[in-house]
Amino acid sequence: MDRILVTGMGVISAIGNSVDENHIALVNGKTGIIKGGGNFPSRYAGILPFAEVLMSTADLRARLHVTEPGVTRTTLMALHAFNEAIANAGLTDAQLTADDTALVGATTVGGMCLTDELYANTHGDHENIEYVGSYDYASVNLFIQSHYKMTGVVNTMNTACSSSANAIMYGCRLIKNGLARRVIVGGTDSLAKFTVNGFNALRILSDEACTPFDENRKGLNLGEGAAFLVLEKEADAGDKKVYAAVSGYGNANDAYHPSSLSPGGDGPYLAMKSALSNANLTPADIDFINAHGTGTENNDEVESRAMLNLFGALPNFASTKGFTGHTLGAASAIEAVYSILNIDRQELYPNLNFKQPITGIGVQPVVAYKPAKINHVMSNSFGFGGNCTSLIFSKA
Amino acid sequence: MMFYINKTNCISPQQTFGDIDIEQLHASVDNKLKVLEPPYPAFTANAIRRMSKSTRMGCGAALPLLADSTQPDGIIIGTQVSGMEENGKFLNQIIEYDEDMLTPGNFVQGTPNTISSQIALISNNKNYNITHVHRGLAFENAVIDTAMLLNESPQSTYLLGGVDEICANNHTLDTLADWFKKEDCANNDLYKSNTNGSLSGEGAAMFYVSNNKTNALAQLKAITTIHNTDVDVVKEHIRNFLLQNLPQGEKIDLLLSGENGDKRALHYYTFCEQLLDSGTPVARFKHLCGEYPTASSFALWLACNFVSGQATVPEHMLKKAAKVSALKNILIYNTHKTAQHSCMLVSIP
């Protein structure tokens, strides 16, 4: 079987509107978490820190030349990243519309980003109905499909915070099973009153910039963004620039609690273990882990334990949530781009805001930028419902 | 790629759970076909109280299939927006309490992967677990995922399901978007209607599947999905699907048609009928289950029961008088909102 290679990437996040801009911020340790960006209406905008894409929805629409009604911010960010990825991979129009090109995208908020509009439409406003067809998750990928007249397999996945890792995994499996020759895979989520209030009600939003894996962590910051990868078979890549190979993936369920991980971290452990086995690698082969590392009390402790159980002595690891916040359905795709940059540029980016290891665990993430020899990177994503997925990217 | 369906359960607006009786048609109320929820002996009162309706019926249909079976190697669910009723409650809290002092229960229950994860939690299943949410092809993508899993791991077994619920918010939004009828329409008059929209429906259909032919109810022989509104493209695609997948010398013995009383969708179904031998019996199912994004999972449940002889095709489903006998191959064709289409070929094992 041909290897599956990454031939194109696109990303938009709080630290930049392209892969290059994101890379510069990662190298320079420049966070995107701020108070008061103001692109989404909520009483917490400006009070709590968020990692916002500092471009208004109207500007995004204009920049992307989208004139159709009913297109949400979630979809616009997805299209932005999608466009960069397909241009980067040099996909032709004929390839985009071919029936062996698949699109697999993830989102957890979809059209629910329009919290106020949805409330109005479900409570008597029957006049302003521009968005009534876009309330679901699939609206994002159905727009991209119809925008580019795609005819291959199109799918949308939502497994909460591991959604886009599952989209990447699913895209690889479509290729391996012969249901697609090339896939465009990723995820998107925009900041919304809906999710902000959900996480705030759970009391896991920090009032300061998040500090993943730190003893005194206070919770997560929400962020927004989108990222897509173009995956092609080795035989089709020709003389294209190849960023990395997707060499393994694993999906498992923690089967413990709707919104927190089991103390032993069964789900995370099994996801990582199954990714290694799928990649035919041993723990010692992994040079770096892009951890889920949200900065919550529960995640960072459980993830640390699960990594220790599997790896014994940990390889270099870091969470990039201190740059982008937690972008939910986009997180795994954005972090896939960063993991691939680790490989392509042979360097590591810091886990921001870390000061003191967690008592009783004592693991210490990478805290400063450094060049490093990197062959294999594992990227972790764990979501509500115990949905855990790990991906492994390797030097091609 | 294909698989066998070894067991199936369905909670629907008709008597499909436990003792099956689809001869007697349960009527729609206020243009809605709501599920007949059975008692759920497997859950404690507290667990039921916390569950959204879609989680309740999803788990309710799934758990009996798992009771005396090997632990499945994965749980694969298709749903458009299960949990939206819980989402709606949280949305109302946000606006009505002005984003202050909210309780998170509805938010957590509102994420659509709650069904697959609750089944995993209750049955202590730590294997592959996924939720496909691709609107009218959410269940079909779950089927494709399952077929790939069985291709990758032929000895495994999987739990596959399709679930969606009627809730105030999706009913209102889809009515505003012109997908549900605005005038009163009873389900036994659905196909006489010549207006936009259908009746609102819901349900949960679960399938325990494997490559094991022994005692199987049915074989899912092939599946295809289409994103297009051009009727000629759709017709050509279905023609190719049949050419590629129907064994030579065999014919479609029954078309299970997703016709739904929406005048904008009718010609897709008519064209599909024209692709088959004249005289091929056509049975419609949306007056039983209503229109919802994963209604094709209800059709697959019907097809399993028909090919296995566990149920016969009731008169009220037949589009025109026809003799339905010796069912070997059933074609399910469905379109959701005319932009998403699917075909499934279901055969005797």
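The values are calculated or read from the model by the stated rules, or taken from the named source; none is laboratory data. Nothing here was measured: the structure is a model prediction, and the numbers come from that model. Cβ: placed from backbone, ideal geometry, glycine included. Neighbour counts: every protein chain shown.
Filtering A:Ala209, A:Ala237, A:Ala201, A:Ala244 for residues that are under 30 Å from B:Gln80 (Cβ atoms) and of a type in the set (Gly, Ala, Ser) leaves a single hit, A:Ala201. If you filter region A:88-126 down to residues that are more than 10 Å from chain B (Cβ to nearest Cβ) and farther than 25 Å from A:Ala333 by Cβ, you find that the one that is farthest from the chain's Cα centre (by Cα) is A:Ala94. Within region A:327-335, can one find any residue that is in contact (Cβ under 8 Å) with a residue 12 or more places away in the chain, surrounded by fewer than 21 Cβ atoms within 10 Å (Cβ to Cβ), more than 14 Å from chain B (Cβ to nearest Cβ) and out of contact with any Gly (no Cβ under 6 Å at 6 or more places or on another chain)? Checking region A:327-335: not a single residue is in contact (Cβ under 8 Å) with a residue 12 or more places away in the chain, surrounded by fewer than 21 Cβ atoms within 10 Å (Cβ to Cβ), more than 14 Å from chain B (Cβ to nearest Cβ) and out of contact with any Gly (no Cβ under 6 Å at 6 or more places or on another chain). Limited to region A:230-267, what total is found for residues that are in contact with a Phe, Trp or Tyr (Cβ under 8 Å, 6 or more places away or on another chain) and away from every other protein chain (no Cβ under 14 Å)? Adding up the residues that qualify gives 4. The test for being buried (at least 16 other Cβ atoms within 10 Å of the Cβ) and not in a strand (DSSP E or B) does not hold for B:Leu243. One residue alone among A:Ala138, A:Ala201 is at the interface with another protein chain (Cβ under 8 Å from one of its Cβ atoms) and in contact with a Lys or Arg (Cβ under 6 Å, 6 or more places away or on another chain), and that residue is A:Ala138. When the test is whether a residue is small (Gly, Ala, Ser), surrounded by fewer than 21 Cβ atoms within 10 Å (Cβ to Cβ), in the same structural domain as B:Thr44 (by TED's automatic domain parsing) and more than 25 Å from B:Val35 (Cβ to Cβ), B:Ser156 passes it. Identify the residue in region B:59-71 that is surrounded by fewer than 24 Cβ atoms within 10 Å (Cβ to Cβ) and outside any loop (DSSP other than H, G, I, E, B) and, among all such residues, is farthest from the other protein chains (Cβ to nearest Cβ). Once the filter is applied, the top-ranked residue is B:Pro64. Beta carbons closer than 6 Å, at least 6 apart along the sequence or on distinct chains, pair a first residue in region A:23-43 that is outside any helix (DSSP H, G or I) with a second that is among the acidic types (Asp, Glu) and buried (at least 20 other Cβ atoms within 10 Å of the Cβ) for A:Gly37/A:Glu52; A:Asn39/A:Glu52.
When residues in region B:72-110 are screened for being more than 8 Å from chain A (Cβ to nearest Cβ), assigned to a helix (DSSP H, G or I) and of a type in the set (Gly, Ala, Ser), 1 of them pass.
Restricting region A:10-22 to residues that are part of a helix (DSSP H, G or I) and touching a residue at least 60 places away in the same chain (Cβ under 8 Å), the residue that is surrounded by the fewest Cβ atoms within 10 Å (Cβ to Cβ) is A:Val19. Candidates A:Gly322, A:Gly385, A:Gly293, A:Gly312: the one that is more than 30 Å from A:Gly8 (Cβ to Cβ), outside the structural domain of A:Ala106 (by TED's automatic domain parsing) and surrounded by 24 or more Cβ atoms within 10 Å (Cβ to Cβ) is A:Gly385.
You will find that of B:Glu202, B:Glu236, B:Glu165, B:Glu183, the residue that is of a type in the set (D, E, K, R) and outside the structural domain of B:Val133 (by TED's automatic domain parsing) is B:Glu236 and no other. Scanning region B:163-208 for residues that are touching an Asp or Glu at 6+ places or on another chain (Cβ under 9 Å), in a strand (DSSP E or B) and more than 14 Å from every other protein chain (Cβ to nearest Cβ) gives B:Thr195, B:Ser198, B:Ser200, B:Gly201, B:Gly203, B:Ala204. If you filter region A:141-187 down to residues that are within 11 Å of chain B (Cβ to nearest Cβ), assigned to a strand (DSSP E or B) and within 19 Å of A:Thr327 (Cα to Cα), you find that the one that is nearest to the chain's Cα centre (by Cα) is A:Cys161. Return a yes/no flag: does region B:111-120 have any residue that is of a type outside the set (Ser, Thr, Tyr) and surrounded by fewer than 24 Cβ atoms within 10 Å (Cβ to Cβ). No; the residues of region B:111-120 include none that is of a type outside the set (Ser, Thr, Tyr) and surrounded by fewer than 24 Cβ atoms within 10 Å (Cβ to Cβ). Residue count for region A:346-396, restricted to those that are within 14 Å of chain B (Cβ to nearest Cβ) and not in a loop (DSSP other than H, G, I, E, B): 9. Counting only residues that are without any contact (Cβ under 8 Å) to a residue 40 or more places away in the chain and of a type in the set (D, E, K, R), which one in region A:51-67 is nearest to A:Ser18 (Cα to Cα)? Step by step, filter region A:51-67, then rank; the result is A:Arg63.
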